[in-house]
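**Student:** Before anything else, here's the structure in question.
The values are calculated or read from the model by the stated rules, or taken from the named source; none is laboratory data. A quick note: this is a predicted structure, and the numbers were derived from the prediction, not measured. Positions of Cβ are backbone-derived with ideal geometry, glycine not excepted, and every protein chain shown enters the neighbour counts. Keep in mind that these areas ignore ligands, DNA and RNA; they rest on the heavy atoms of the full protein, side chains included. Shrake-Rupley method; radii C 1.70, N 1.55, O 1.52, S 1.80 Å.
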There are 2 protein chains.
Amino acid sequence: MTLRLSQHRLMGPEDLRPLNSQHDVIGVFNPGAVRFNEGAALIARVAERPCAQRPGFVGLPRYASGGELIVDWTPEAELDRSDPRVVRQRLDGRTRLTSVSHLRVFLQSDEVADRWEAGPAILPLSINEEYGIEDPRITQIDGRYWITYVAVSRHGAATALASTDDFASFERHGVIFPPENKDVVLFPRKIDGKYVALHRPTAKTDFCRPEVWLARSPDLLHWGDHEPLLAGVADWESERVGAGAPPIEVDEGWLMVYHGCGAPRRPGGVGDYCAGAALLDLADPARIVRRASEPIMRPVAEFERCGFVPNVVFPTALIDSGETFTAYYGAADTAVGAAKFSRAALFASLN
Amino acid sequence: MTLRLSQHRLMGPEDLRPLNSQHDVIGVFNPGAVRFNEGAALIARVAERPCAQRPGFVGLPRYASGGELIVDWTPEAELDRSDPRVVRQRLDGRTRLTSVSHLRVFLQSDEVADRWEAGPAILPLSINEEYGIEDPRITQIDGRYWITYVAVSRHGAATALASTDDFASFERHGVIFPPENKDVVLFPRKIDGKYVALHRPTAKTDFCRPEVWLARSPDLLHWGDHEPLLAGVADWESERVGAGAPPIEVDEGWLMVYHGCGAPRRPGGVGDYCAGAALLDLADPARIVRRASEPIMRPVAEFERCGFVPNVVFPTALIDSGETFTAYYGAADTAVGAAKFSRAALFASLN
């Protein structure tokens, strides 16, 4: 039974203008997406980097507290550049990002032609966002849209919350999960009287590999009752896992699509990012009922295999259309992809 | 002006019996302490290790889910033993503790003679506590005693919450700060309508060094509004900082005593742990008003310099006695120390 029915490259950096003429857009990826009005709303991460080049230097961008984009020019000899996403400063071992991201809204103007119109930009605001804001996920809860996103700064990568009714103006609610915490997704309704989130509360440490945890909240702002939920078991998810799309309620439970990353193909490199799927118990989502042993999506299309970080599919949204699901995902940290899945085949893959 | 007026070694491993005859007590340290009835209550971390030895193997202890203590015998050749507290498994790079800790209550039976009587033990219970429970801090809030402690497991080091009225029976409230989070202390009252905690939400990563953050809660169980508060600036706190004693309300603000760790004396070793002090704004404790540039306590006494981890003073409780403060602290990860500080000199040290 065919699992992935089709995919296409929905948008790429060539479709967007930079925030100002001093920057190039190098990626638009890892989009949150939900049904909105007659169509859908999508918020994508837009990565920019300074156009200017100085021989022997690398320009490391950041937002100053006034909202101004600043470039710290750093001698190449002081940096280790084995990972394209980050550089490590040899002197103190600390890393900086080579690009800086903000978020942009797109509204689907024609569902059949899958056409999207650009909406407002959401920019880094606080001291916790100086290295950018990334990887939004959107969940509709009680009639409002709630957006979790990663806030990166010298204090680490934390997860912050924003909300909107109209995708035109946004309210910011501050940091809800402190560093290092990424891949936070909200369930669409309260379960047993509490809001529920999946999160990934730890970077890779000596003690443990990243795992997906579950937390509960009375108000979406304060979180507790933390429990470990899912760790990588198979080779393709052995190095890293994180929640992908906000869970979708289906008859059988909560459908959870996540990403997993395996060992790098060569030392010092980045492993392939694939998409996995699991089914959580409807009444107690801290319990995994079924789980696909194989990825439901591997990087196979050219736009998934080639780009800023090669061989990445990074699912961040899922829309239920009955017989099919549409997954929106980041492809190679460069473009937004949209893939259709057969509902029957997807559930058949959960062992 | 003399800051530290006196200190003594309050208790050590020789004062305690192990939980069972298969184990040795190797440390009693990092104690929470509060005024209780006519005297004080203290809860210390007790570290044990298997007595048995097998040539060529290291016994790594853990609690099974039924509460039974189990030893995993691991070939020495598979382990890296440069840090006495942990071993690293060469195969997968993951670490295990060489000892396993539980908590024990002591009640002060004679304040003048500073005599303490042993109370109940608090044992690891959940899957998040299989490698032990550590480093309790106690705060009296609204008439009840709240205990934050570190829960260590294959999922990392998280912080859990317990509470008691009588130091005889304890209620467990689960994980309130997910891994990697240690050094959580609670303020003794609500500020601006919310409970407040200090925490240390990240292990040392490429992006950042450990920092103390502040969080707020409506109910002590769910936490949000996370803000970075204090990072190490001086050499003696450059590698690591974490809150020490629960903050004490004084006229000038909130007195915060914390620990800092500098660079190791030799590569691969552990740096000295010292105590620092800061004053936080009474109405907005996310604002540091004054801060001591030098440690208020360095490891100088023999019992602070020699032990399982040499050169460690690790403050975990502070009792206000008017002209003096008594700090309770872990000494060399081996013993409990009690030190008296001059109030006038302590405040004079805050620049």
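**Student:** For residue B:2, place a label point 7 Å from Cα along the Cα-to-Cβ direction in every copy; what are the distances to the other copies, in nm, shortest first?
**Tutor:** Values, ascending and in nm: 8.5.
**Student:** Roughly how many Å² of residue A:173 are accessible to a 1.4 Å probe, to the nearest 10?
**Tutor:** Probe radius 1.4 Å; accessible area of residue A:173 about 40 Å².
**Student:** How far, in whole Å, is the nearest Cβ of chain B from the axis relating it by rotation to chain A, and which residue carries it?
**Tutor:** So the chain B residue sitting closest to the axis is B:222, 2.
**Student:** I'd like the Karplus ³J(HN,Hα) series for the range B:234-245: coefficients 6.51, -1.76, 1.60, θ = phi - 60°, whole numbers in Hz, and an x wherever there's a Gly or Pro.
**Tutor:** 6, 4, 5, 10, 6, 8, 6, 9, x, 4, x, 8
**Student:** For A:129, B:78, A:38, write out the residues from largest to smallest accessible area, computed with a 1.4 angstrom probe and no ligands counted.
**Tutor:** Values: A:129 10, B:78 90, A:38 170 Å².
I get A:38, B:78, A:129, largest accessible area first.
**Student:** At R0 = 25 Å, how high is the FRET efficiency between residue B:294 and residue B:142 if r is their beta carbon distance? Nearest 0.05 is fine.
**Tutor:** 0.10
**Student:** Moving to a separate point now. Under the classification rounded if a/c is under 1.5, otherwise prolate if a/b is larger than b/c and oblate if not, where does chain A fall, given a ≥ b ≥ c as square roots of the Cα gyration tensor eigenvalues? Walk me through the numbers before you get to the answer.
**Tutor:** Working: a/c = 1.40, a/b = 1.33, b/c = 1.05.
Taking the square roots of the gyration eigenvalues as a ≥ b ≥ c, chain A is rounded.
**Student:** Can I ask one more? Accessible area lost on pairing B with A, both sides, 1.4 Å probe, Å² to nearest 100?
**Tutor:** Interface area, both chains combined: 3300 Å², rounded to the nearest 100.
**Student:** I want to check the label-to-label distance for residue A:251 and residue A:117. Put each point 7 Å from Cα in the C-beta direction and report it in nm to one decimal.
**Tutor:** 3.9
**Student:** Something else: What FRET efficiency comes out for residue A:233 versus residue B:287 if R0 is 51 angstrom and r is the Cβ-Cβ distance? Round to the nearest 0.05. Don't skip to the end; give the middle numbers.
**Tutor:** Values: r = 45 Å, r/R0 = 0.89.
Rounded to the nearest 0.05, the efficiency is 0.65.
**Student:** Residues of the range A:160-192 with accessible area at least 30 Å² lower in the all-protein-chain context than alone (1.4 Å probe)?
**Tutor:** A:175, A:178, A:179, A:180
**Student:** Heavy atoms only, probe 1.4 angstrom, no DNA, RNA or ligands counted: give me B:135, A:272 ranked by accessible area, highest first.
**Tutor:** These residues rank, largest area first, as A:272, B:135.
**Student:** Quick query: amide H of residue B:122 versus all other amide H atoms, modeled in the peptide plane; which residues come in under 5 Å with a sequence gap of 5 or more or a different chain?
**Tutor:** Here B:103, B:104, B:105 satisfy the definition.
**Student:** Once ligands and nucleic acids are excluded and a 1.4 Å probe is used, how much of residue A:76 is accessible, expressed in Å² to the nearest 10?
**Tutor:** 80
**Student:** Another one. Can you give the calculated 222 nm mean residue ellipticity of chain A, where each DSSP H run of n ≥ 4 adds -39,500 (n - 2.57) and the sum is split over every residue, rounded to the nearest 500 deg cm²/dmol?
**Tutor:** Details: 2 runs with 11 residues, N = 351.
Roughly -500 deg cm²/dmol at 222 nm, from the helical runs in chain A.
**Student:** For chain A, report the accessible area per residue in Å² (1.4 Å probe, heavy atoms, rounded to an integer).
**Tutor:** Per residue, chain A has 39 Å² of solvent-accessible surface.
**Student:** When only DSSP loop residues count, what trypsin sites (Lys or Arg not before Pro) in the range B:135-205 have their Cβ near at most 12 other Cβ atoms within 10 Å?
**Tutor:** Qualifying residues, ordered by number: B:189.
**Student:** A follow-up question, please. May I ask you to report, in nm to one decimal and beginning with the shortest, the distances from residue B:125 to the same position in the other copies, taking label points 7 Å along Cα-to-Cβ?
**Tutor:** Computed spacing set for this position: 4.0 nm.
**Student:** Distance in nm between label sites at residue A:344 and residue A:306, each 7 Å beyond Cα in the beta-carbon direction?
**Tutor:** Output for this residue pair reads 3.6 nm.
**Student:** Here's a follow-up. Give me the net charge for the shell around residue A:142: Cβ to Cβ below 12 angstrom, other residues only, Lys and Arg +1, Asp and Glu -1.
**Tutor:** For residues surrounding residue A:142, the net value is +1.
**Student:** Report the residue, chosen from A:113, A:64, A:263, that carries the largest GNM mean-square fluctuation when chain A is represented by alpha-carbon nodes joined by springs under 10 Å.
**Tutor:** A:113
**Student:** Could you work out the relative contact order of chain A? I mean the mean sequence separation of Cα pairs under 8 Å and 6+ apart, divided by the number of residues, in percent.
**Tutor:** Values: 981 pairs, mean separation 56.3, N = 351.
So the answer I get is 16 percent.
**Student:** Length gain on complete extension for the stretch residue B:127 to residue B:321, per 0.36 nm per residue less the alpha carbon to alpha carbon distance?
**Tutor:** Length gained, residue B:127 through residue B:321: 65.9 nm.
**Student:** Counting only protein heavy atoms and a 1.4 Å probe, tell me what percentage of the range A:4-348's accessible area is made up of carbon and sulfur.
**Tutor:** So the carbon and sulfur contribution to the accessible surface is 47 percent.
**Student:** If you don't mind, another one. Please compute the net charge surrounding residue B:307, taking Lys and Arg as +1 and Asp and Glu as -1 over other residues with Cβ under 11 Å from its Cβ.
**Tutor:** Residues close to residue B:307 contribute a combined charge of -1.
**Student:** Right, something else. Scale the Cα Rg of the protein assembly as shown by the rule-of-thumb value 2.2 N^0.38 Å and send over the ratio, two decimals.
**Tutor:** That works out to 0.98 for the protein assembly as shown.
**Student:** Can you tell which of A:237, A:323, A:134 shows the greatest fluctuation in a Gaussian network model of chain A with Cα springs below 10 Å?
**Tutor:** Largest GNM mean-square fluctuation: A:323.
**Student:** Considering only protein heavy atoms, what is the solvent-accessible area of residue A:116 at a probe of 1.4 Å, reported in Å² to the nearest 10?
**Tutor:** Number for this one is 40 Å².
**Student:** Can you compute the FRET efficiency between residue B:265 and residue A:74 using 1/(1 + (r/R0)^6), with r the Cβ-Cβ distance and R0 = 41 Å? Round to the nearest 0.05.
**Tutor:** According to the calculation, E is roughly 0.85.
**Student:** Can you list the copy-to-copy distances for residue A:264, using a point 7 angstrom from Cα toward Cβ, in nanometres, shortest first?
**Tutor:** Sorted ascending, the copy-to-copy spacings read 2.3 nm.
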